1. Take Val37, Val212, Val160 and order them by how many other Cβ atoms sit within 10 Å, fewest up front.
2. Nearest-5 percent of antiparallel DSSP beta bridges in region 116-259?
3. Can you classify region 43-177 as rounded, prolate or oblate using the Cα gyration tensor, where a ≥ b ≥ c are the square roots of its eigenvalues, rounded means a/c under 1.5, and otherwise it's prolate if a/b beats b/c and oblate if not?
4. Could you give the nm distance between label points at Ile242 and Arg61, where each point is 7 Å from its Cα heading toward the beta carbon?
5. Could I have the simple spin-label model distance between Lys199 and Gln112, label points 7 Å from Cα toward Cβ, reported in nm to one decimal?
6. For region 95-229, what's the relative contact order in percent, using C-alpha pairs closer than 8 Å and at least 6 residues apart?
7. Going by how many other beta carbons lie within 10 Å of each one, how would you line up Trp257, Trp167, fewest first?
8. Placing unit charges on C-beta atoms (Lys and Arg positive, Asp and Glu negative, everything else neutral), compute the dipole magnitude of the chain about its Cα centre in debye, rounded to 20.
Amino acid sequence: MMEHHFNLALGPYILAVGCNDPDLTNQFTQFYAGFIVSQAEDFSIAIQVQTGKDFPTRNVRFSDNQILLDSPGYQGKINLEEFTGELTLTSRNPFQEVDYFLRVAAAGFVYQKGGLMVHAAGIERNQQAHLFMGKSGIGKTTVARNSPPGSVMNDDLVFVVHEDPKWIVCSSPFYNPSQMPPQSHQAPLKGIYFLFQDKQVYLEEINSPAAVASFLANIPVLTTNPQMLSELFSRCNQIVQIVHPYRLHFLPDDSFWKIIP
């Protein structure tokens, strides 16, 4: 273990992150404050940072049971079998580059444990979780800002993990500065809503094949790996068979809550 490190809660799992940069480590512990824990880790990542020129970091590819990120000045490897990862990068401002790597690692590790990381606003209501799903800009943050104080688990990325016979929604620590800081919660999945901005507020029925396709479209990173698609499809199908999804037509206010079962 590196001298500078922190343990990060990813739903029920713990990621140990070691880093050679004490300032960067401190920055992350503050940013992820609600998710820093002391429990023993399930996964581990080592990060080596050198000061220098910034490089792009979005070249992600899969090889066997590894996720590789290999751009100039940015060498990352995530071993999904061993639940380990390592990242070496050169950057003047490495925070965003490391945060992205941790997101990719979290998606892969939680998948290996039988769960999913999904693009969704997770809102807890009456001790049950509702997923409001959609790509960036569709209205997840709008839904979160029009939800009761303290109910927002995360307005962009959450984990969905299987605890037979239920699926449980867990907050993720990942967010952008323009979004609402996430709260550390978990609750059984109650509702799934695919967001559609409209001039009226109503729920639209959606059949299972369309629901599975929409759910699958909101899983980041992993859907680019053909070898994972069959299992990803299976998990999405399991979820929508247990929790009936809808398309939610909504306005940019809290009126949608009146029609949520």
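Read the figures in this text as sums done on the coordinates, not as results from a lab. Because the structure is predicted, anything quoted here is derived from the model rather than measured. All Cβ positions, glycine included, derive from the backbone under ideal geometry; neighbour counts span all protein chains shown.
1. Val37, Val212, Val160
2. Antiparallel: roughly 70 percent of the beta bridges in region 116-259.
3. Verdict is oblate for region 43-177.
4. Distance between the two pseudo-spin positions: 3.6 nm.
5. 5.1
6. Dividing the mean separation by the residue count of region 95-229 yields 26 percent.
7. The fewest-first ordering by Cβ neighbours comes to Trp257, Trp167.
8. 680
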